[in-house]
Amino acid sequence: MDRRNFIKTTGTLIASAAVAPGLAAHAAEDAASGRIVLPINRRWRYSPQSTPAAHQPDFDDSGFDRVTVPHTNIRLPWHSFDEKSYQFVSIYRRRFRLPASARGRRVFVDFEGVMTASTVFLNGTRLGEYKGGYTPFSFELTPHLDWAGENLLAVEVDSTERADIPPFGYQIDYLTFGGIYREVALRLVSPTFIENVFAQPKDVLSGNPSLDVQCFIEQSDASGGALTLEAALFDGDRPIARTAQPVSLTSGATAQTLHLAHLGPIELWSLKTSRLYRVEVRLLRGPELLDNQSRRIGFREAKFTPQGFSLNGEVVKLRGLDRHQTFPWVGQAMPGRVQRRDAWILRRELKCNIVRTSHYPQSRHFLDACDELGLLVLEEIPGWQHIGDQAWQDIAVDNVGRMIRRDWNHPSIILWGVRINESRDNHDFYTRTNALAHQLDPTRQTGGIRNFQGSELLEDVFTMNDFGFPLKPPNHPLYLNTEFVGHTFPTKTIDNVERLREHTLRHARIHNQLASDAQYAGGIGWCAFDYNTHADFGSGDRICYHGVSDIWRQPKPAAGFYRSQCDPGEEVVLEPAFHWAHGDESIGFTRALVCSNCDHLKFYIQDQLVAEADPDREEFAHLKYAPFSVDLGHALHPWGDLRIEGYIAGRQVIARTLSGRGVDSQFTAVPEDTRLLADGADTTRVVLRVTDEYGAVRPFASDAIRFELTGPATLIGDNPFALAGGAGAIWIRAGETPGNVQLTAHHPYLGPQTVEIEIAPAPPEQA
Ligand code: GAL
C-alpha cells in the first residue's frame with residue numbers, strides 16, 4: 001500500500017487542526033470518511049444556578065457568563081475557604097451546528113471530566129446522568145439531533161459531595177471542586193466504528209519484539225459488505241510494519257487482535273529515552289474508510305519482582321511523590337500546559353522516577369507528559385478510606401474499567417491501583433476490581449493502597465502507606481511504600497529552620513531505609529505539592545502543608561533532597577536545606593544540612609574556609625547521594641556571606657552563595673512560557689520571588705505584589721497577591737483573541753517587573 005495514501009487517509013480529522021478559519025469548516029464538511037472530532041470547549045454559557053427551564057433549547061441564556069472549559073464553577077481564595085462554596089448545582093449550555101458530512105453518522109459527546117455528577121440534555125431531551133468526577137463519559141446524541149439547524153447541549157452539574165458517588169460518603173482529605181474542568185468534544189463516527197484500541201508490545205526484551213493491537217469495534221448498521229481492519233506501526237512518519245485482516249463481527253460489539261511482527265530494531269521506552277512510537281488502526285468496508293484511530297505507545301517490560309521493580313530487565317529503585325491535581329484559585333480546572341508542567345516539575349526538578357496519581361485518574365495531558373519525560377505512574381481509582389453500598393461499589397468497579405480503558409496505552413503506567421485508598425478489607429468488592437483489571441489488561445500488575453499490613457492481599461503488589469519510622473519490614477515479596485511523612489510532619493515554607501531541616505531529613509531517612517533492602521521496590525512520599533482540604537484535615541487554613549513544594553509549586557528544602565538523588569551526569573545539585581540566618585534557630589545557627597550529589601563540600605564564610613564535609617554515610621549508609629551535615633556553630637563570627645563549593649573526584653563542579661546581609665535585594669517575575677494559544681484556556685505560570693543578591697529566596701518576604709495586565713488574557717490569582725515564604729505564583733490565562741499581553745508586577749519597594757506574552761492565533765472551533 002502507498003504509504004502517503006495511508007497517512008493521508010488515517011489522520012483523524014480534528015477540525016481544530018491548524019488551518020485558516022474558512023478552510024477548516026470546509027475540510028470538516030468535505031471529509032467523507034474517517035471519524036470527525038469537533039472540540040467544543042469554547043462558547044459555553046454558564047450559570048451557577050440551574051433551573052429546569054435552562055435545560056430547554058429556547059431558554060434565554062444571554063445573561064449567563066460566556067466561559068471556556070476547563071472551567072471552575074467558582075473562583076476561590078487560595079486558602080481558608082469553606083468547601084461548601086463550590087458545592088452547588090450549576091448549568092452549562094452550548095449551541096452547535098453539525099457539518100453536512102455528519103449525516104449518516106453516529107454522533108457522541110465525550111466529556112473528559114466533570115465534577116461530580118452530570119445530567120445531560122440535548123435539545124430538551126434528557127439523555128441521562130453520569131456519576132463521577134474523575135472518569136470520562138459519553139452520551140450518544142444521534143436520535144435527538146437537528147442535522148441542519150442549531151442544537152442545544154445543556155449539562156446540569158452537581159458539584160455537591162454526593163454520598164452515592166465515590167469518593168464521597170464520609171470525610172476525605174482533599175477537595176474535589178466543581179464544574180466542567182476537562183475538555184469536551186463531539187465525535188462523529190460511521191455506524192460501524194472503532195471504539196477503542198489497546199496496543200500490547202510482546203517479547204520486548206527478545207530482540208525480536210512484536211505488537212498485538214486489540215481493536216474494539218462497534219457495529220450498528222447492517223449494510224453488509226466485507227470489513228477489513230488494518231494496523232500500522234510508525235516511528236514518526238516512517239512506517240515500520242503493517243498488517244490487515246478481515247473482520248468477523250459476531251455481534252454488535254467485537255474485539256479483534258491484529259499482530260504486527262518483524263518490527264526490526266525497536267528502541268525501548270525507558271526513564272532516559274522515553275521512546276515513543278505510534279499505532280494507527282483503520283477500519284474499511286471495501287475501499288471506503290469507515291474509521292481510524294491513532295495511539296502513542298512505548299515498548300518496555302515493567303514488572304514488580306521479589307528483587308524490586310524491574311524495567312526492561314533492570315531493577316530500578318522507585319523514588320517518587322504523590323500528586324494531587326489541584327491548584328490555587330481554580331481547583332482542578334487547569335488546561336493541558338499546566339498539567340504537563342507538573343509532570344515536568346516532578347521529573348526534571350524533583351528528579352522523581354515515579355508519581356502516584358493520588359487518589360484518582362488524572363488529566364490525560366499529565367499522563368502524556370509522563371510518557372514523554374520517562375516518569376513512571378501508579379494510577380488509581382477515586383476513593384479515600386470510605387466504601388459505600390453496593391451501588392457505590394458498582395460505580396467504583398466501573399471506574400476501574402474507565403480508567404484502564406482510557407489509559408492502557410501509556411507506557412509510563414506500571415501499576416493499576418484498584419482499591420479505595422486506605423480502605424478496610426472487602427473481599428467481594430476487591431475481588432471484582434482485581435478481576436476486571438486483570439481481564440482488561442493482562443499486561444500490568446495491580447496494587448491496592450492500604451495502611452495496615454495485616455490485610456487481605458487480592459492484588460499483585462502490596463502497596464502500603466507506612467508513615468512510621470523505621471518502616472515496617474516488607475510482609476510480601478512484591479512491596480512498595482506509597483506514602484510516608486505527610487501529616488506526620490506538615491511543613492510550611494515559612495516554618496523555622498529546625499522544622500525545614502527535620503522535614504528534609506525525614507524524607508531522606510525513609511529513602512535510606514528503602515534503599516537498604518531490595519525487597520522494597522521503593523517509595524512514593526506524601527506528597528509533591530501542598531493542597532486545599534477540608535477542615536477535618538490540614539492546618540488551620542484548610543491546607544495540608546504536606547508537600548515538598550508549596551501550593552504554587554515552589555520548592556521547600558525537602559524538595560532539595562529529591563533533587564539531589566539524580567546522577568550528577570544529569571545535573572549537579574547542591575541544595576542547602578536551611579536559610580542562612582544567624583539567629584532564627586533556637587540559641588543560634590548550628591548545623592548546615594545540604595542535599596547534594598557531589599562527593600565533597602567546602603564551606604566559606606566571608607571567603608574564609610570554615611568547614612569541609614563528606615556525605616553523611618553514617619546516618620545514610622544506603623543512599624547513593626547521602627545528604628551532608630556540618631556543624632558551623634563554631635564559625636559564625638565574623639558573620640557574612642556563606643559560599644558552599646561542591647566537588648566530584650577532587651574537581652569543583654558547583655558553588656552556591658547565600659547572602660549574610662539579611663536584605664531583600666531582588667524581585668523577579670518569571671513566566672514559564674512566553675507564547676500561549678488564543679483558545680480561551682491556555683495558561684502559564686508566572687513565578688514570583690524575592691531573593692538575596694545571589695538569587696537565594698528570602699523566606700521572610702511576604703510583600704503584596706500588585707499586577708497590571710493589558711492585552712487579551714486574564715489573571716488567575718489575587719491582585720494584590722502577598723508572597724508566602726518569599727515566593728509565590730500567579731497564572732495567566734489566554735483569551736480568545738490573538739495579541740500581546742503585558743503583565744507588570746509591582747513590588748512595593750524593589751520596583752516593577754514586566755513580563756510579555758504573545759497570544760498566538762488558535763483555530764476556531766467548528767461546531
Ligand atoms: C494518608 C492519605 C492521604 C493523605 C495523607 C496525609 O493517610 O492516604 O490522602 O491524607 O494521609 O499524610
- Query: Of all the residues that make up the range 124-143, how many are surrounded by fewer than 18 Cβ atoms within 10 Å (Cβ to Cβ) and outside any strand (DSSP E or B)?
  - Reply: 3
- Item | Residues that are of a type in the set (Val, Ile, Thr) and within 16 Å of the ligand (Cβ to nearest atom), drawn from the range 415-439 | Val418, Ile420
- Item | Residue that is among the β-branched types (Val, Ile, Thr), in the same structural domain as Asp291 (by TED's automatic domain parsing) and buried (at least 16 other Cβ atoms within 10 Å of the Cβ), where the choices are Val204, Val184 | Val204
- Query: What residue, of Ala244, Ala231, Ala222, is more than 24 Å from Pro361 (Cβ to Cβ) and touching a Lys or Arg at 6+ places or on another chain (Cβ under 8 Å)?
  - Reply: Ala231
- Cβ-Cβ below 6 Å, separation at least six or inter-chain, first residue in the range 210-237 and over 27 Å from Ala261 (Cβ atoms), second open to solvent by 40 Å² or more (accessible area, probe 1.4 Å) and modelled with pLDDT of 95 or more: which pairs? Glu218/Glu195
- Task: Please enumerate the residues belonging to the range 440-455 that are away from the ligand (no atom under 16 Å from the Cβ) and not in a loop (DSSP other than H, G, I, E, B).
- Result: Leu440, Gln445, Thr446
- Query: Name the residues in the range 577-614 that are farther than 13 Å from Ile644 by Cα, open to solvent by less than 20 Å² (accessible area, probe 1.4 Å) and not hydrophobic (A, V, I, L, M, F, W, C), would you?
  - Reply: Glu585, Gly588, Asn597
- Restricting the range 242-282 to residues that are of a type in the set (Gly, Ala, Ser) and not in a strand (DSSP E or B), the residue that is surrounded by the most Cβ atoms within 10 Å (Cβ to Cβ): Ser274
- Note on the structure: If we take the range 283-328, then strands (runs of 3 or more DSSP E) inside it with 3 or more residues that are in contact (Cβ under 8 Å) with a residue 60 or more places away in the chain and within 16 Å of the ligand (Cβ to nearest atom) are 318-322
- Query: Residues in the range 31-89 that are at positive phi, open to solvent by less than 30 Å² (accessible area, probe 1.4 Å) and out of contact with any helix residue (DSSP H, G or I) (no Cβ under 8 Å at 6 or more places or on another chain): how many?
  - Reply: 0
- Please specify each residue of the range 399-428 satisfying the condition of being open to solvent by 10 Å² or more (accessible area, probe 1.4 Å), in contact (Cβ under 8 Å) with a residue 12 or more places away in the chain and either part of a loop (DSSP other than H, G, I, E, B) or of a type in the set (D, E, K, R) (or both). Arg402, Arg405, Arg406, Asn409, His410, Glu422, Arg424, Asp425, Asn426
- Query: Does the range 365-372 contain at least one residue that is outside the structural domain of Trp78 (by TED's automatic domain parsing), within 16 Å of the ligand (Cβ to nearest atom) and of a type in the set (Gly, Ala, Ser)?
  - Reply: no
- Query: For the range 597-625, what are the residues that are of a type in the set (Lys, Arg) and part of a loop (DSSP other than H, G, I, E, B)?
  - Reply: Arg617, Lys624
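The values are calculated or read from the model by the stated rules, or taken from the named source; none is laboratory data. This is a predicted model, so every value here is computed, not measured. Neighbour counts are summed over all protein chains in view; Cβ atoms, including those assigned to glycine, are modelled from backbone coordinates with ideal geometry. Please note that ligands, DNA and RNA were not included when accessible areas were found on the heavy atoms of the full protein model with its side chains. Shrake-Rupley method; radii C 1.70, N 1.55, O 1.52, S 1.80 Å.
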